[in-house]
Amino acid sequence: MRRRIRTASTALMTLFILAVPVLASSEHESGYEKTGIADPVEGWNHLWHEMLWDITVMGVIFALITIYFMWRYRRRFPQQEGKQVKLTFAGMMLWALLPAAIFMADDLYLAGKTWALYNTYRNVPENSMEIKLESAMWSWNFTYPNGVQATNELRVPVGKPIVMRMKSRDVIHSFYLPDFKVKEDSMPGRVTYLWFYPKEVGEHVITCAEFCGVMHSNMRGTLIIMPVDEFNTWLEKEKANI
Ligand SMILES: [Cu+2]
């Protein structure tokens, strides 16, 4: 009996672990086929909702089981003394391993999917526009390929992937675009990168996600996604002003 339980638990765990890479590789390709750009935003949004569903379903199941036990083993008269139920070895293993396996399977599944998305994300699309970023206490300083500079306002053309090559003048900052689900540290002595794909015209928040001193919470910027013509006109005008 013991051996059978042990074999069953091992098989269950192995199955979950083996399922992770298969499930993880299934999602994020669809966006890539449509646009030719492996934009991970949809995948991350999907993963976030999936995680909320997972913890809700598991939470409800565990709550129902707990409520049932509270009712089933309730005290029926004031002087009642409970007696301990002795579990068999098999029962003990089952109660300990099964919930752990369920939680671990979900953790591994989500971790596998995150890993796959992140690996895809580390490849910068070939036609990206490169903008240099130097962060400093407490501002974001951008330099465009033609030498134009801007502070705290990052203007980009719609429909072109943007890669930020980042360094820092002083301490560690973290360039964070919440709407694009991307964040990367910038630091002195090392160049890091981050890319995003601005699909629609609009404005988004830029913020620092690494505590970098007393004015950290003021280290905000705006990402302005512009129609291509307007962006080009703006860039030309700025260039003429240098
Ligand atoms: Cu900062």
DSSP loop GluC sites (Glu not before Pro) with at most 10 other Cβ within 10 Å excluded, longest remaining stretch of the chain: 1-80
Sum of side-chain charges, Met187 neighbourhood, beta-carbon under 14 Å (Lys, Arg +1; Asp, Glu -1): 0
Modelled FRET efficiency - R0 25 Å, Glu126 with Val57, Cβ distances, 0.05 increments: 0.05
Electrostatic dipole magnitude of the range 129-241 [Cβ: Lys, Arg +1; Asp, Glu -1; Cα centre; debye, to 20]: 240
Overall form of the range 70-199 per C-alpha gyration tensor (a/c, 1.5; a/b vs b/c): prolate
Cα-centred dipole magnitude for the range 43-179, charges only on beta-carbon of K, R (+1) and D, E (-1), debye, nearest 20: 640
Relative contact order computed over the chain (Cα-Cα under 8 Å; 6+ residues apart), in percent: 17
Rounded to the nearest 20 debye, dipole of the chain from Cβ charges on Lys, Arg, Asp, Glu: 1780
Shape category assigned to the chain from the gyration tensor of Cα positions, a/c cut at 1.5: prolate
Residue order, fewest to most surrounding Cβ atoms within 10 angstrom, among Phe142, Phe211: Phe211, Phe142
Under 5 Å, built H, 5+ apart or other chain: amide partners of Glu130: Val163
Under the Karplus curve 6.51 cos²θ - 1.76 cosθ + 1.60, θ = phi - 60°, whole-Hz ³J(HN,Hα) for the range 131-139, x wherever Gly or Pro sits: 10, 8, 10, 10, 8, 8, 6, 9, 8
Helical contribution to [θ] at 222 nm, DSSP H n ≥ 4, -39,500 (n - 2.57), averaged over the chain, rounded to 500: -15500 deg cm²/dmol
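Every number in this text was worked out from the coordinates using simple rules, so none of it is lab data. All values derive from a computational prediction rather than experimental measurement. With ideal geometry, Cβ positions are generated from the backbone for all residues, glycine too; neighbour counts draw on all protein chains shown.
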